[in-house]
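Heads up: the structure comes next, in structure tokens.
The values are calculated or read from the model by the stated rules, or taken from the named source; none is laboratory data. The structure presented is a predicted model; accordingly, all values stated were derived computationally and were not measured. Cβ atoms come from the backbone with ideal geometry, glycine included; neighbour counts cover every protein chain shown. Just so you know, the surface numbers come from the protein's heavy atoms only, side chains and all, with ligands and any DNA or RNA stripped out. Shrake-Rupley method; radii C 1.70, N 1.55, O 1.52, S 1.80 Å.
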Amino acid sequence: MFELTEMQEAVRSTAREFAENALAPRIEEIEHADKFPQDLIDTMGELGLMGVPYPEAYGGLDAGLVAEAICLEEIAKVSPSAAKLLTVCYLPMDAINLFGTPEQKEKYLPGMCAGTDIGSLAFTEAGTGSDPKQLTTTAKRRDGKIYINGVKRFISNAALEGTIVVVARDEGEDTCTAYLVKKFCKGYSLSSKWEKIGFHGSHVYDVFLDDVEVEESDILGGEKGGFDLLLGTTAIGKLAFAAVFAGAAEGAYGLSKDYIRNKMHRGTSIAKFPTVQLRTSVIAANTLSMKLMLYRAAQDAEMFAGNMRRVQAATALAKGYIADLSNQTIQMCVNTFGAYGGMEEYHVERYLRDSVIFPNIEGNADVQRLISGSYILKKDDSLIAD
Ligand SMILES: Cc1cc2nc3c(=O)[nH]c(=O)nc-3n(C[C@H](O)[C@H](O)[C@H](O)COP(=O)(O)OP(=O)(O)OC[C@H]3O[C@@H](n4cnc5c(N)ncnc54)[C@H](O)[C@@H]3O)c2cc1C
């Protein structure tokens with residue numbers, strides 16, 4: 001497809017081996033446990049997968065965003081839940097790597113790259129999932145200290161020990177600021193986990209912040225810098241989620257091909273049925289187009305790293321497209337199995353349940369199309385040029 005560098009190849013084979021040898025045999029455990037198994041996170045840390053795009057100086061591989069996309073794609077082929085968990089770990093790391101002071105990078109990134117500090121990013125609230133101006137969680141200054149109060153909704157990895165980046169409104173202002181908070185510090189508590197249709201191995205909670213005390217040195221990206229921080233961080237985060245969605249479709253495609261090759265219908269292989277051949281062709285074409293779009297967006301994000309609006313438009317274009325196409329493609333894979341497609345033992349239903357969530361995570365797919373469409377019309381149409 002694309003010629004990969006030695007480093008990208010190495011990341012791909014490490015992630016693939018981890019997914020096939022460590023994750024695949026433990027899918028049932030991952031999907032049914034109350035917490036993602038810590039030893040698997042430790043292994044990802046030891047293999048370097050927690051730090052794929054981050055500087056070597058902080059324990060990362062410095063392998064770039066194409067390698068990050070490849071890593072997530074390989075893991076999502078086997079376990080979209082595990083890939084989502086890793087994507088969420090990358091979000092606060094991106095925020096720190098892009099916006100942190102040298103001291104903050106030194107303090108947080110090595111533990112996060114090692115998998116001993118499992119990050120989260122808390123933006124969403126009951127009243128907003130995409131619009132920072134609607135935030136109600138507020139940071140107030142009192143006696144030289146800063147106190148955060150509010151409730152964050154659907155926060156991934158919130159029950160895993162580590163650091164959470166909380167985005168809170170500045171008191172009396174329309175602006176917001178990001179803060180580095182230690183999970184389970186005084187004032188930090190959780191709801192019970194939300195029971196959702198898919199991604200059963202990666203849990204979300206409401207996070208209650210009750211007078212959580214932070215210092216000036218915990219401000220990430222400067223006072224009133226929350227919006228820019230979100231823009232820069234989610235620009236890369238969208239790429240990571242697109243990789244999860246594309247990888248999941250590839251995983252379901254693999255299951256569908258295996259099933260077709262082994263399934264007989266009244267003495268004839270179902271591979272001989274024109275309907276099955278036609279469907280397989282569409283599934284293959286969709287899967288290929290998602291892969292191409294993903295790698296292109298990742299290259300774009302590397303090339304235009306200093307221009308966050310450009311990166312955001314490219315990754316939003318990919319994420320909006322891949323989120324919906326992956327969901328539709330996985331549904332086609334399920335149909336290939338006939339009635340067996342809905343049965344847990346055949347696994348493809350797990351991908352379908354996960355994929356129902358794809359258009360509504362880290363910004364709705366419609367909102368992604370608004371971001372990329374308005375960027376193309378107002379600023380630049382080079383998103384699809386050479
Ligand atoms: C499994 C899971 C994990 C999550 N993890 C996290 C996490 O770790 N941290 C975190 O902060 N959040 C997290 N979220 C929240 C998620 O990012 C938001 O739910 C998502 O951004 C969508 O927001 P919303 O649900 O408020 O929907 P909205 O953005 O309000 O969208 C609702 C509807 O309104 C439409 N709409 C919205 N805005 C516009 C607009 N401007 N113009 C036109 N139409 C619009 C959309 O098309 C959609 O149909 C998670 C969600 C899920 C499901």
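Data for the structure
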{"read-out": "Any hit, segment 149-157, residues being among the aromatic types (Phe, Trp, Tyr) and within 14 Å of the ligand (Cβ to nearest atom)", "value": "yes"}
{"read-out": "Qualifying positions in segment 152-175 - under 19 Å from the mean Cα position of the chain (by Cα) and assigned to a strand (DSSP E or B)", "value": "LYS152, ARG153, PHE154, ILE155, SER156, THR163, ILE164, VAL165, VAL166, VAL167"}
{"read-out": "Residue within segment 114-125 that is among the hydroxyl-bearing types (Ser, Thr, Tyr), without any contact (Cβ under 8 Å) to a residue 40 or more places away in the chain and touching a strand residue (DSSP E or B) at 6+ places or on another chain (Cβ under 8 Å) present", "value": "yes"}
{"read-out": "Flag for GLY320 being within 16 Å of the ligand (Cβ to nearest atom) and not basic (Lys, Arg)", "value": "yes"}
{"read-out": "Count - residues of segment 190-211 that are away from the ligand (no atom under 13 Å from the Cβ), open to solvent by 50 Å² or more (accessible area, probe 1.4 Å) and at negative phi", "value": "3"}
{"read-out": "Cβ pairs under 7 Å, 6+ apart, first in segment 73-94 and closer than 22 Å to GLU349 by Cβ and outside the structural domain of ILE322 (by TED's automatic domain parsing), second part of a helix (DSSP H, G or I) and hydroxyl-bearing (Ser, Thr, Tyr)", "value": "PRO80/TYR351"}
{"read-out": "Residue satisfying condition, being open to solvent by less than 10 Å² (accessible area, probe 1.4 Å) and hydroxyl-bearing (Ser, Thr, Tyr), within set TYR147, TYR90", "value": "TYR90"}
{"read-out": "Filtered residues of segment 52-95 (kept if of a type outside the set (A, V, I, L, M) and farther than 19 Å from SER202 by Cβ)", "value": "PRO53, TYR54, PRO55, GLU56, TYR58, GLY59, GLY60, ASP62, GLY64"}
{"read-out": "Selection within segment 47-74 - open to solvent by less than 10 Å² (accessible area, probe 1.4 Å), in a helix (DSSP H, G or I) and in contact with a Gly (Cβ under 8 Å, 6 or more places away or on another chain)", "value": "MET50, GLY51, LEU72, GLU73, GLU74"}
{"read-out": "Scope segment 173-189; condition touching a Lys or Arg at 6+ places or on another chain (Cβ under 9 Å) and open to solvent by 50 Å² or more (accessible area, probe 1.4 Å); matching residues", "value": "GLU173, ASP174"}
{"read-out": "Selection status of ALA305, small (Gly, Ala, Ser) and at pLDDT below 95", "value": "yes"}
{"read-out": "Residue match in segment 358-378 (condition: in a helix (DSSP H, G or I), open to solvent by 70 Å² or more (accessible area, probe 1.4 Å), away from the ligand (no atom under 14 Å from the Cβ) and closer than 22 Å to LYS77 by Cα)", "value": "no"}
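To keep it simple, each residue is scored yes or no on (1) over 19 Å from ILE236 (Cβ atoms); (2) open to solvent by 30 Å² or more (accessible area, probe 1.4 Å).
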residue: ARG279; (1), (2): yes, yes
residue: ALA298; (1), (2): no, no
residue: MET303; (1), (2): no, yes
residue: ARG310; (1), (2): no, no
residue: ALA318; (1), (2): no, no
residue: ALA339; (1), (2): yes, yes
residue: GLU345; (1), (2): yes, yes
residue: LEU352; (1), (2): yes, yes
